[in-house]
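These notes concern the structure reproduced below.
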Amino acid sequence: MAIKLKIKKGDTVKIIAGDDKGKTGEVLRVLPSKNKVIVKDCKVAKKTVKPDQEKNPDGGFINKEMPIDISNVAKVEGE
């Protein structure tokens, strides 16, 4: 059973630990089963993608936000 989290999609949070420490951003997605959140423009990784017919016919690389543990973010109040 997942625990109840105080951070929701659309909230503004500040990164308090890790490589992106000090950055603020909007929560794009909450993963309660893993206790992680995905924050816009934070912890960006370059991922390889295979070619497909619709979205990416050539394949290549994309920049993708990776999940951050919920304990490493703090909700910004008053915004």
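The numbers here are math on the coordinates, done by the rules we state, and not lab data. Source: prediction; values computed, not measured. Methodologically, a virtual Cβ is constructed for each residue, glycine included, from the backbone with ideal geometry; neighbour enumeration extends over all protein chains shown.
Determine the relative contact order of the chain: mean sequence separation of Cα pairs under 8 Å and six or more apart, normalised by residue count, in whole percent.
31 percent.
Most fluctuating residue of Asp11, Asp58, Asp19 in a GNM of the chain with Cα springs under 10 Å: which is it?
Asp58
In whole Hz and in residue order, list the ³J(HN,Hα) couplings for region 47-54 that follow from phi through the Karplus curve 6.51 cos²θ - 1.76 cosθ + 1.60, θ = phi - 60°; x for Gly and Pro.
With coefficients 6.51, -1.76 and 1.60, one gets 10, 8, 10, 6, x, 9, 6, 8 Hz.
So if we plug the beta-carbon distance of Leu28 and Thr48 into 1/(1 + (r/R0)^6) with R0 = 30 Å, what FRET efficiency do we get, rounded to 0.05?
0.90
Given N residues in the chain, what is Rg(Cα) / (2.2 N^0.38 Å)?
1.27
Run the dipole for the chain about the Cα centre, Lys and Arg Cβ at +1, Asp and Glu Cβ at -1, nothing else charged, and hand back the magnitude in debye, nearest 20.
It works out to roughly 280 debye.
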